[in-house]
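Engineer: Encoded as structure tokens, here's the structure I'll be asking about.
None of the figures in this text is laboratory data; all of them are computed from the coordinates on show. No experiment lies behind these values; they were computed from the predicted model shown. Neighbour counts run over all protein chains shown; Cβ positions are idealised from the backbone, glycine included.
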Amino acid sequence: MYVSPIREPLIRGNKDYSQVTKDILAPMAGTPSKYWYMGIALALSAALFGAWATYVTLFTGIGSWGLNKTIGWGWDITNFVWWVGIGHAGTFISAILLLFRQRWRTSINRSAEAMTLIAIACAGFFPLIHMGRLALAFFIFPYPNTRALWVNFNSPLLWDVFAISTYFAVSLIFWYVGLIPDIGTVRDKATTKIKKAIYGFLSFGWTGSAKHWSRHETVSLILAGLAAPLVLSVHTIVSFDFATSVIPGWHTTIFPPYFVSGAVFSGFAMVLTLLIVTRKALNLEQYITVNHIESMNKIIILTGSIVGIAYLTEFFIAWYSGNEYEMFTFVNRAFGPYAWAYWIMMTCNVITPQLFWFKKIRRNIVLTFIISIFVNIGMWFERFVIVVSSLHRDYLPSSWSMYTPSVVEVGLFVGTLGLFFTLFLLFIRVFPVIAIAEVKSVLKTSGENKNHSEHE
Amino acid sequence: MNKYITAYYLDEEKLLKGLKQVKTKGVRVADVLSPFPVHGIDKVLGLRRSRLTRVAFAGGAIGAIVGFGFQTWVFTSAYPINFGGKPFFAAPSFIPVTFETTVLFAAFSMVIAFFVVSKLGPGNKPVIHDERVTDDRFLVIVDIPENSSKEEINEIEKALHDAGAEGINYKA
Amino acid sequence: MVSIGLIALAYGFFAGLGGERISANILLNNYYFLGMGLIGLFFVAVHAIAESGWQVSVQRIGEAMSTFIPVAGVLMLLFFAFGGLHSIYHWTHPEHMDEILLNKAPYLNVPFFYIRFFIYFIVWSLLAWYIRKSSRNLDSLNDISYFHKLRKFSAIFIVFYAISSVMSSWDWLMSIDAHWFSTLYGWYVFMSMLASGVAMIIIILYILKRNGYMTHINNEHIHDLGKYLFGFSIFWAYLWFSQYMLIWYANIPEETVYYSERMLHFKPLFIANAIVNLAFPLLLLMTRNSKRVFWSLIPVAVIVFIGHWIDLYQLIMPGAVGGEKAGIGFLEIGLTIGYVGLFFLVVFYSLTKAPLAPKNHPFYKESMDYHTNY
């Protein structure tokens, strides 16, 4: 396959195949560095805070939260949507970019998918705990029961149950099928007997046979084809939670594609945040290059601009509709008591990503890191604005109210952050963070020592 | 256990060239083990395109029918109940769940079929010919018929050698 | 073919089909083929900034399609200036204004409408011209600086188009039903245009290949176009469903009025629209091979082309003409054929102006030498 010489190489340093294996497996070997221990200690203590908050919620009830009868959804749903959004990048990278034949995805898809799975787990926690009686959570599934009841298939909240669990399950097998050949590599490179046995078990007996590879490629491709609309459907259905209602600021037809775009936007921001640190800490700068970061920044600016256009469209149509409630909600968002949240959202989501129009900034790692944090914050506030500012002043001015989260709610959020980073830190010790086989397959055409020999 | 010869290459382009060359000499290559999928090898080895896509389609079709049918059954006959003035058969409401079951069934049926036909599974213990096939070696396996003479085996080895293969190894 | 269109138009006048029906038909076709031109340009621009390799091989088709933009602009201006505006948009009638329309008057008024009209067309046409010129210079002068120029103009176009496509759909289509509104509308219309635009690229490619041109195109390129047609059709259906489902579910009268009109008076077309534009591409293009060969791809492309014409018909007719007076007869079909003729005339004339294979594009060689497993 010919690759134009004006394209930048995707893998730096003149690598051969065994060097690639060695570099990528290196972080799994030996004892972890002291930074890793510090990181996991911090993450675990955050998770502990969350465990306490969970305990309080379960044994006191959600009365321990700051919700009131006007604002029935607060941080919990904000966090849920935020985490689900973050969980969109991994499958987007591996499914949609695979279909679009973007070769740069090979260096980042594995860790992004792992991040997706962890983020979905964090997301699923919030609706579960909001149910109050966690032990009865299985009621949300349609199973034959003695009460002869079925679940309400008309409810977007139930669609969510299906969407999130399907997304998690399909992402998991997609990730694992992709991981199997690499686990085979780990198995064959393992030095101790125990490791060999464990990875041997997990590798499903992978040998790299041509027949298996051929099927493996078909399976990956079809899974990508299935996962691509699945990614869209998940955040679409999350947006239906809001948009099927008749609450001004929630009921608007643009929500499905706009939520999806926002999800990919926040997901890429989180991938950048994680990978900028990971590549440095694990010495993978030659695999996750500035070129990769620039490509991700381009996706950030694309999705960020789509989100920006959606904000403006909503605002314009709120006026254009001539609906006074709709208009009030939007004016209240921008200039009411929660205006600070609105303007944080606008600044972080619409204005700062526009800096990526400059190539210098796109390729500047420190600035990218800062902007990615901004986007993470901005997208959290976007959900906060949508959830709280639409609810807090409804049709009945006598019920107008304000919302402040309690320490328990903060604890739950911090706890999921802790859980997220704990699991990610474990992941980088247990599995290869970069898809070894996939990187090798693009090494010849996109490595630094590209040779342009014409083969079939 | 069959008799076979293994040999390896360190480069996929040389591998492809070599495979084509030994093919002209009448050597039948049973399998190639490689660290990553080598493009064009399907043609050389005469592998057919995988038919797993059909499994996925069938799974998806079943998923769609089950998903839509189940919701219809629940709302029109098993437990009809009025939600927000919507009709019992509220087709637009059924689409999201139907879509999810379609994808779920398609994905799982295909992946399970992949593991079954490839005889892969947790705890499966394969014969590992060379630990470097998952690293940087492209291993060629040539099966030897039971009743082959010494000369025939030598001939195959020579053909492999001429085609640039390394580490030619006869295993009985 | 152009003459058939003119005959159909004359027939419309003399058969007394009513000014609204004639106007609505002109708007329909003009918008539809303007959309083709814009998608041609969008297709080139988006691939230029995404650094896509394969698309270089069909780039000339998109560029040629974009030359229709100014033609459509002039026709549309003439049409609006000579009564079309008044006949289609009831917000232009001062006597029909009510409270809601008065509220919208700062946006929906005739002078501002024309100002926006000119801004869209001038910027679109200029950028189309610049993009075409950079692309041709890149080829004939073999100077890499034009490659960067091409990308720069493409980026400007994408940004401008992201806003203008949404706003122009409000101006020309959504304001027909002046009371009604939907935030998704602009993106929905854009996806409809994108699906039919890709269908048009496939049709033009087929015609060129039938006549012995475009020999550098192989099955891989056709496959990619087929995938686009497949994917965009599904995405269009997704937006159709999102808009319909949300309005159906919330059941707010000021929104549902839009769909109830269509389901009362245009029911067969309303159902056909959703089925034709999703089911045919989805089922017929699902397998790999059907996306790679013309004999299965061309029928689908033609179906999608007709299907999205019906889609646009659905958007325009109920509001502009109404259930009693609208129909599909010689006027509709003849005028569409006329527009197809005019469009092909412009596009094929433009295609003769430059070599069909941009040999000096830095990605040309890449575009010629790739094959995928999927």
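Engineer: Report the charge-dipole magnitude of the protein assembly as shown in Debye, nearest 20, computed about the Cα centre from +1 at each Lys and Arg Cβ and -1 at each Asp and Glu Cβ.
Structural biologist: In total the dipole reaches around 2240 debye.
Engineer: Taking the highest mean first, how do the peptides B:24-36, A:23-35 order by number of other beta carbon atoms within 10 angstrom per residue? If you can, show how the numbers build up before the last one.
Structural biologist: Numbers: B:24-36: 19.2, A:23-35: 14.1.
Per-residue Cβ counts within 10 Å, averaged per peptide and sorted highest first, yield B:24-36, A:23-35.
Engineer: Let me have the relative contact order for chain B, percent, based on Cα pairs under 8 Å that are six or more residues apart. Before the final figure, lay out each step's value.
Structural biologist: Numbers: 205 pairs, mean separation 91.5, N = 172.
The normalised contact order for chain B reaches 53 percent.
Engineer: Work out the mean other chain Cβ neighbour count within 10 Å for the residues of A:15-25 and drop it here as an integer.
Structural biologist: Whole-number average of other-chain Cβ neighbours for A:15-25 is 3.
Engineer: To the nearest 10 degrees, how steep is helix C:330-351 against the longest Cα principal axis of chain C, on a 0 to 90 scale?
Structural biologist: Helix C:330-351 sits roughly 30 degrees off the main axis of chain C.
Engineer: By average Cβ neighbour count within 10 Å, what is the ranking of B:40-53, C:104-117, A:217-230 from highest down?
Structural biologist: Per-residue mean Cβ counts within 10 Å order the peptides as A:217-230, B:40-53, C:104-117.
Engineer: Can you give the angle from 0 to 90° between the axis of helix C:219-250 and the longest principal axis of chain C, with both taken from C-alpha atoms, to the nearest 10?
Structural biologist: The two axes meet at around 20 degrees.
Engineer: Now, a different point. Taking one equal scatterer on every alpha-carbon of chain B, how large is log10 of I(q)/I(0) by Debye at q = 0.08, 0.09, 0.12, 0.17 1/Å?
Structural biologist: -0.45, -0.52, -0.69, -1.05
Engineer: Magnitude of the Cβ-charge dipole of chain C, K/R +1 and D/E -1, about the Cα centre, nearest 20 debye?
Structural biologist: 1280 debye
Engineer: If you take the charge dipole of chain A about its Cα centre, with +1 on Lys and Arg Cβ and -1 on Asp and Glu Cβ, which of A:T278, A:T146, A:S399 is farthest toward its positive end?
Structural biologist: Result: A:T278, furthest along the dipole toward the positive end.
Engineer: A further question follows. For chain A, what does the equivalent ellipsoid look like in terms of its semi-axes, each the square root of 5 times an eigenvalue of the Cα gyration tensor, given largest first in whole Å?
Structural biologist: On the way: eigenvalues 312, 136, 89 Å².
The equivalent ellipsoid of chain A has semi-axes of 39, 26, 21 Å.
Engineer: If I take R0 = 51 Å and measure r between the Cβ atoms of A:E324 and C:L77 in this structure, what FRET efficiency does the formula 1/(1 + (r/R0)^6) give, to the nearest 0.05?
Structural biologist: According to the calculation, E is roughly 0.90.
Engineer: Take the residue pairs A:K196/B:K150; A:K444/C:K209; A:K22/B:K43; A:K22/A:K196 and return only those whose Cα atoms are more than 28 Å apart.
Structural biologist: Values: A:K196/B:K150 37 Å; A:K444/C:K209 34 Å; A:K22/B:K43 31 Å; A:K22/A:K196 17 Å.
Pairs exceeding the cut-off: A:K196/B:K150; A:K444/C:K209; A:K22/B:K43.
Engineer: OK, next. Between B:K14, B:K23, B:K125, where does the largest GNM mean-square fluctuation fall for chain B, given springs only between Cα atoms within less than 10 Å?
Structural biologist: B:K125
Engineer: Report Rg (one decimal) and Dmax (nearest whole number) for the range C:246-305, counting Cα atoms only, units Å.
Structural biologist: Taking only Cα atoms of the range C:246-305, I get Rg and Dmax of 16.2, 47 Å.
Engineer: Here's another thing I want to ask about it. Stick to Cα atoms and the Kirkwood definition of Rh, then tell me Rg/Rh for the range B:52-118.
Structural biologist: A ratio of 1.16.
Engineer: Another question, if that's okay. Farthest toward the dipole's positive end in chain C, which of C:V110, C:G35, C:S182, given Cβ charges of +1 (Lys, Arg) and -1 (Asp, Glu) about the Cα centre?
Structural biologist: C:G35
Engineer: Is there a quick way to get the dipole size of chain A? I mean about its Cα centre, with the Cβ of Lys and Arg at +1 and of Asp and Glu at -1; what is the value in debye to the nearest 20?
Structural biologist: Details: 33 positive and 22 negative charges, 289 e Å.
That gives a dipole near 1380 debye.
Engineer: Which is farthest toward the positive dipole end of the range C:2-361 among C:F266, C:G62, C:L85, measuring Cα position about the Cα centre, with Cβ charges +1 (Lys, Arg) and -1 (Asp, Glu)?
Structural biologist: Positive-end residue among those listed: C:G62.
Engineer: Further, regarding this structure: Could you give the distance between the Cα centres of the range A:198-229 and the range A:288-315, to the whole Å?
Structural biologist: Taking the Cα centre of each part, the range A:198-229 and the range A:288-315 sit 31 Å apart.
Engineer: A:D16's amide H: which non-local residues (gap 5+, or another chain) put their own amide H closer than 5 Å, with H modeled 1.01 Å from N in plane and none for Pro or chain starts?
Structural biologist: Residues meeting the criterion, in which the H sits 1.01 Å from N, do not exist here.
Engineer: Same structure again: Pull out a ≥ b ≥ c, the square roots of the eigenvalues of the alpha-carbon gyration tensor of the range A:391-448, then state rounded if a/c is under 1.5, prolate if not and a/b is larger than b/c, and oblate in the remaining case.
Structural biologist: oblate
Engineer: Each label point is 7 Å from the Cα along the Cα-to-Cβ direction; what then is the distance between the points at B:I112 and A:T60, in nm?
Structural biologist: Each label point is offset 7 Å from its Cα along the Cβ direction, giving 4.6 nm.
Engineer: If you count, for every residue in A:158-167, the Cβ atoms of partner chains within 10 Å of its Cβ, what is the mean?
Structural biologist: 4
Engineer: Another question, then. Using the 10 angstrom Cβ neighbour count as an exposure proxy, how do B:E12, A:E294, B:E100 rank, fewest first? The partial results should precede the final answer.
Structural biologist: Details: B:E12 23, A:E294 18, B:E100 26.
So the ranking, lowest neighbour count to highest, is A:E294, B:E12, B:E100.
Engineer: Still on this model: In nanometres, what is the gap between the two model label sites at A:S399 and C:Y349, each 7 Å from Cα along Cα-to-Cβ?
Structural biologist: 6.4 nm
Engineer: May I ask you to derive the FRET efficiency for A:R147 and B:N147 from their Cβ-Cβ distance with R0 = 60 Å, giving the value to the nearest 0.05?
Structural biologist: 0.25
Engineer: I would also like to ask the following. Is there a simple number for the mean count of other chain Cβ atoms within 10 Å of the Cβ of residues in B:118-129, and what is it?
Structural biologist: Across B:118-129, the average partner-chain Cβ count within 10 Å equals 6.
Engineer: Work out the FRET efficiency for C:K152 and C:V110 from their Cβ-Cβ distance, taking R0 = 30 Å, and round it to the nearest 0.05.
Structural biologist: Values: r = 35 Å, r/R0 = 1.18.
Between C:K152 and C:V110 the formula returns 0.25.
Engineer: If I build a Gaussian network model for chain C, linking alpha-carbon pairs within less than 10 angstrom, which residue out of C:L229, C:L184, C:L297 has the largest mean-square fluctuation?
Structural biologist: Ranking C:L229, C:L184, C:L297 by mean-square fluctuation puts C:L184 first.
Engineer: Let me ask another. To make sure I understand, if each residue's beta carbon is the centre and we count other beta carbons within 10 Å, what order do C:L27, A:L48 fall in, fewest to most?
Structural biologist: A:L48, C:L27
Engineer: Another question, if that's okay. So for the range A:81-162, averaging the separation of alpha carbon pairs under 8 Å that are six or more residues apart and normalising by length, what relative contact order in percent results?
Structural biologist: Over the range A:81-162, the number comes to 27 percent.
Engineer: I've got another one for you. Could I get the Rg over Rh figure for the range C:2-361? Both from C-alpha atoms, Rh via Kirkwood, rounded to two places.
Structural biologist: 0.96
Engineer: Taking Cα atoms, how many degrees apart are the long axis of helix A:324-335 and the longest axis of chain A, rounded to 10 and kept between 0 and 90?
Structural biologist: For helix A:324-335, the angle is close to 60 degrees.
Engineer: Can you tell me the relative contact order of chain A? Whole percent, Cα pairs under 8 Å, sequence separation 6 or more.
Structural biologist: 35 percent
Engineer: Something else: For the protein assembly as shown, what does the alpha-carbon gyration tensor say about shape, rounded, prolate or oblate, given a ≥ b ≥ c as the root eigenvalues, a/c under 1.5 as rounded, and a/b over b/c as prolate?
Structural biologist: oblate
Engineer: Further question on the same structure: Ranked highest first by average number of other Cβ atoms within 10 Å, how do A:55-61, A:172-178 line up?
Structural biologist: Working: A:55-61: 13.9, A:172-178: 19.3.
So the peptides A:55-61, A:172-178, ranked by packing, come out A:172-178, A:55-61.
Engineer: If you plug each phi of the range B:143-156 into the Karplus form 6.51 cos²θ - 1.76 cosθ + 1.60 with θ = phi - 60°, what whole-Hz ³J(HN,Hα) values come out, in order, with x for Gly and Pro?
Structural biologist: 6, 10, x, 3, 9, 6, 8, 4, 5, 4, 5, 4, 5, 5
Engineer: Which value at 222 nm does chain C reach when only helices count, each DSSP H run of 4 or more adding -39,500 (n - 2.57), with the total divided by all residues and rounded to the nearest 500 deg cm²/dmol?
Structural biologist: Taken over chain C, the calculation gives -25500 deg cm²/dmol.
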